[in-house]
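Okay, structure first, notes after.
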Amino acid sequence: MDTGRLSSPLPAHRGIASGTDPTEGDRLITHRRSPDLLFVLWTVGGAALCLGLVSILTIGVFVLPVAALLCGLLLWWGGPGRALAGALSGAAAPLFYIAWLNRGGPGEVCHAITGGLECTEEMSPWPWLVAGLVLAMAGLVLFAGLGRPRRRALR
């Protein structure tokens, strides 16, 4: 039986807890998830995926299954949408951290410790920083761009 309502995959509730609200008629009230909250949650998922990939030979083996589970839950809970762009921005966080760790590089960097010097070989931080900035900006631009209403073409 068609009642003229739009169907929604989101959970719906009729009126107030005691029954239907007489001022609302028989209109469905739906609860939507905030795209901003989903964007933030996707940044966590994207950061976890990127951390798992860049550290695959150490902790990445343990991080990737957890990250995949988190991303699967986000897809189930929020569905694919513009908030998925948060994964791009989140992937920038481990890259920024790698750039920070290599801030003294490229080359050999020495630090004074008790009883002598400790030297390590560091990479250039610039490729990591640039990649992080590109991913962070791409995610933000994509999230903002997909949220704008589309213009109709003039005929």
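Bear in mind these aren't lab numbers, they're just calculated from the coordinates by the rules spelled out. Values in this document were obtained by computation on a predicted structure and should not be read as measured data. In this analysis, Cβ positions are derived from the backbone assuming ideal geometry, glycine residues included, and neighbour counts consider all displayed protein chains.
FRET efficiency for the L37 to S124 pair, using the beta carbon distance and R₀ = 30 Å, is estimated at 0.25. The overall shape of the stretch 66-155, judged from the alpha-carbon gyration tensor, is oblate: a/c is not under 1.5, and a/b is no greater than b/c. The string of couplings for the stretch 114-120 from the Karplus curve (6.51, -1.76, 1.60, θ = phi - 60°) is 4, x, x, 10, 10, 10, 9 Hz, one whole number per residue in order, with x for Gly and Pro.
Here the Karplus relation 6.51 cos²θ - 1.76 cosθ + 1.60, evaluated at θ = phi - 60°, turns the backbone of the stretch 75-91 into coupling constants of 5, 5, 6, x, x, x, x, 5, 5, 4, 5, x, 4, 5, 5, x, 5 Hz, with x for every Gly and Pro. Using a Förster distance of 25 angstrom, determine the FRET efficiency expected from the C-beta separation of L73 and V141, and round it to 0.05. That gives a FRET efficiency of 0.45.
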